[in-house]
Amino acid sequence: MAAAPLRIALAGLGTVGGGVIRLLTVNGALIARRAGRPIEIVAVSARDRARDRGVDLSRYEWEDDLALLAGRPDVDVVVELIGGSDGPALALARRTMGLGKGLVTANKAMIAHHGMELAAMAEQAGAPLKFEAAVAGGIPVIKGLREGAAANALTRIYGILNGTCNYILSTMEDTGRDFADVLKEAQALGYAEADPAFDIEGTDAAHKLAILAAIGFGAGVAFDQVEVDGITRIRAADIARAQALGYVIRLIGMAECEEGGTRLFQRVQPCLVPRSHPLAAVDGATNAVVAEGNFSGRLLFQGAGAGDGPTASAVVADLIDIARGDTGPPFSVPVAELEHLAAADGATRTGRAYLRFIVADRPGVLAEITAAMRDAGVSIESLIQQGQADDGGEVLVAMVTHEGPERGVAHALELLRESPSLARPPLVLRLLD
Ligand SMILES: NC(=O)c1ccc[n+]([C@@H]2O[C@H](COP(=O)([O-])OP(=O)(O)OC[C@H]3O[C@@H](n4cnc5c(N)ncnc54)[C@H](OP(=O)(O)O)[C@@H]3O)[C@@H](O)[C@H]2O)c1
């Protein structure tokens, strides 16, 4: 007798929802063979029933009401592709878990904010909750950490987690154009949203980092503890100066267990990445994640971080796991056994930094900056260049420090805070070692 199909409801028929329908249509037969049974869409929902989505919806039941969609007796698993940390997506997720049904989602914002609550509900119900597509789109990095690297104690997880930022930074690098100009182009090409704030301010990368850190370190999701800085202050001049030193600038999400595994460091920040590092070669809208395991060594996961096809690929991989009977704890370790790690104090870290000042064009300013560095115990490795800033009448001064405590740099900037010579707040970027 043929195995019973896994029957799914699809909530959200936008970029990813459309991709899931196309993928299940094109690859249905091979997926059924690999999953051991067919995966069938039973019912769908979106806001506007009349909208042409370029896919044939006539085979599926339509439900306007998301609660009714989840409650349908012919639905085993709900696929949430609406988005947003709260609102209808969260209500649907809670309803699905409350009914003891499986949930697959691509929603990083919801998992970063409510993942623990939803995972606890899933475990209580013995139902699967899966979110591979929420981190780095089509890259199977959650599977990679949960399964492939499961035997390792991980020391660091870091990477390029936002394709929009990576597209903007690598295009600035290739063309010498400035941020605002490239952002506009990214919006026109569909690489950036009309409201790009979540991407360019680093929030989206922080959502993904918090999820990866939880999976990798067996800890509760601690999104509130992520230090976040975006790419909006990076200028073409910073990229040129980094290039001259043998570096590229990338928005890096970094998570590390510190102090014998008792503290968790999580930061999203533009960093100078040496050209010899694998992440420096990650261009355009691509994502990449590095995980360092105590037995595996350095693992690199790379691929498309967004888009209908790659993201649908991750969503359907989760459905295949569920069809095969995988209902393990969503975060690998049961919620009750996840560590509660205190936030590490970033200021106690050491490293090299790139500092850039935009200053008034008058004598003595450079001496003032270098005196503040000296007084704070920060040693300057190279003063990169002193040249005209983009805006008239101001000068750009950039430098790289020797290895030293982050606290020293913070102190130096504090000494300069009230200085009338600084036309704008300084930019501090870390060098990735
Ligand atoms: N796009 C990507 O490449 C990508 C990659 C990784 C993860 N994700 C995540 O995947 C999720 C979906 O992203 P997307 O890009 O596919 O978004 P999208 O294109 O904006 O689609 C969202 C869908 O949700 C529907 N929707 C909105 N409010 C609803 C409501 N109250 N009830 C029912 N349906 C509602 C919309 O309906 P209408 O079409 O009728 O307006 C639309 O079909 C998000 O969590 C996103 O973060 C996306």
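The values are calculated or read from the model by the stated rules, or taken from the named source; none is laboratory data. These numbers were taken from a predicted model, which means no experiment stands behind them. Please note: Cβ atoms are built from the backbone with ideal geometry, for glycine as well, and neighbour counts cover all protein chains shown.
Table: residues versus (1) surrounded by fewer than 18 Cβ atoms within 10 Å (Cβ to Cβ); (2) polar (S, T, N, Q).
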| residue | (1), (2) |
| --- | --- |
| Ala291 | no, no |
| Ser296 | yes, yes |
| Ala304 | no, no |
| Pro310 | no, no |
| Ala314 | no, no |
| Ile322 | no, no |
| Gly325 | yes, no |
| Arg349 | yes, no |
| Val359 | no, no |
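Filtered by the rule that a residue be in contact with a Leu (Cβ under 7 Å, 6 or more places away or on another chain) and either in a strand (DSSP E or B) or within 16 Å of the ligand (Cβ to nearest atom) (or both), the range 275-288 gives Asn287, Ala288.
Listed here are the residues, each with its yes/no results for (1) surrounded by fewer than 17 Cβ atoms within 10 Å (Cβ to Cβ); (2) under 21 Å from Thr327 (Cβ atoms).
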position: Val75; (1), (2): no, yes
position: Val79; (1), (2): no, yes
position: Ile82; (1), (2): no, no
position: Gly98; (1), (2): yes, yes
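Of all the residues in the range 103-142, those that are near the ligand (Cβ under 8 Å from one of its atoms) and assigned to a strand (DSSP E or B) number 1.
I'd like to know if the range 294-314 contains one or more residues that are part of a helix (DSSP H, G or I), within 16 Å of the ligand (Cβ to nearest atom) and of a type in the set (A, V, I, L, M). Yes, the range 294-314 has at least one match. Look at Leu69 and say whether it is touching a residue at least 40 places away in the same chain (Cβ under 8 Å) and within 9 Å of the ligand (Cβ to nearest atom). Yes. Contact map, the range 219-246: residues that are at positive phi paired with residues that are at pLDDT 95 or above, Cβ distance under 6 Å, separation 6+ or inter-chain. Pairs shown: Gly246/Arg275. Contact map, the range 45-62: residues that are within 7 Å of the ligand (Cβ to nearest atom) paired with residues that are small (Gly, Ala, Ser) and in a strand (DSSP E or B), Cβ distance under 9 Å, separation 6+ or inter-chain. Pairs shown: Ser45/Ala9; Ser45/Ala11; Ala46/Ala11.
Residues considered: Ser419, Ser379. Of these, the only one that is farther than 30 Å from Tyr158 by Cα and not charged (D, E, K, R) is Ser419. Within the option set Arg34, Arg7, being away from the ligand (no atom under 16 Å from the Cβ), touching a residue at least 40 places away in the same chain (Cβ under 8 Å) and part of a strand (DSSP E or B) holds for one residue only, Arg7.
Against the numbered list (1) touching a Gly at 6+ places or on another chain (Cβ under 8 Å); (2) more than 21 Å from Ala317 (Cβ to Cβ); (3) part of a helix (DSSP H, G or I), Leu145 comes up short only at (2). Applying the selection to the range 129-153, what residues are buried (at least 24 other Cβ atoms within 10 Å of the Cβ) and in contact with a Leu (Cβ under 8 Å, 6 or more places away or on another chain)? Answer for the range 129-153, where residues must be buried (at least 24 other Cβ atoms within 10 Å of the Cβ) and in contact with a Leu (Cβ under 8 Å, 6 or more places away or on another chain): Leu129, Lys130, Val135, Ala136, Val141, Ile142, Leu145. For the range 1-22, a residue qualifies if it is closer than 20 Å to Gly307 by Cβ and either of a type outside the set (A, V, I, L, M, F, W, C) or surrounded by fewer than 20 Cβ atoms within 10 Å (Cβ to Cβ) (or both), and the qualifying residues are Gly12, Gly14, Thr15, Gly17, Gly18, Gly19, Arg22.
Looking at Gly202, Gly144, Gly137, Gly190, can you tell me which residue is on the phi > 0 side of the Ramachandran plot and modelled with pLDDT of 95 or more?
One residue alone meets the criteria, Gly202.
Any residue at all in the range 80-87 that's farther than 20 Å from Leu24 by Cβ, more than 10 Å from the ligand (Cβ to nearest atom) and among the acidic types (Asp, Glu)? Within the range 80-87, one or more residues are farther than 20 Å from Leu24 by Cβ, more than 10 Å from the ligand (Cβ to nearest atom) and among the acidic types (Asp, Glu). Checked against the criteria, Ala29 does not count as over 30 Å from the mean Cα position of the chain (by Cα), in a loop (DSSP other than H, G, I, E, B) and either farther than 17 Å from Gly83 by Cβ or within 15 Å of the ligand (Cβ to nearest atom) (or both). With respect to (1) within 23 Å of Gly218 (Cβ to Cβ); (2) in contact (Cβ under 8 Å) with a residue 60 or more places away in the chain, the lone exception for Leu103 is condition (2).
So which helices (runs of 4 or more DSSP H) stay within the range 171-272 end to end and still have 3 or more residues that are more than 20 Å from Ala106 (Cβ to Cβ)? Full working, then the answer.
On the way: elements: 179-188, 197-200, 203-217, 236-244.
Passing ranges, in order: 179-188, 236-244.
When residues in the range 55-99 are screened for being in a loop (DSSP other than H, G, I, E, B) and within 15 Å of Leu6 (Cα to Cα), 6 of them pass. Please verify whether Asp229 is in contact with a helix residue (DSSP H, G or I) (Cβ under 9 Å, 6 or more places away or on another chain), acidic (Asp, Glu) and either surrounded by fewer than 23 Cβ atoms within 10 Å (Cβ to Cβ) or within 22 Å of Phe301 (Cα to Cα) (or both), treating the condition exactly as stated. It is false that Asp229 is in contact with a helix residue (DSSP H, G or I) (Cβ under 9 Å, 6 or more places away or on another chain), acidic (Asp, Glu) and either surrounded by fewer than 23 Cβ atoms within 10 Å (Cβ to Cβ) or within 22 Å of Phe301 (Cα to Cα) (or both).
Look at (1) of a type in the set (A, V, I, L, M); (2) within 30 Å of Val20 (Cα to Cα); (3) under 21 Å from the mean Cα position of the chain (by Cα) and you find that Ala344 fails only one, number (2).
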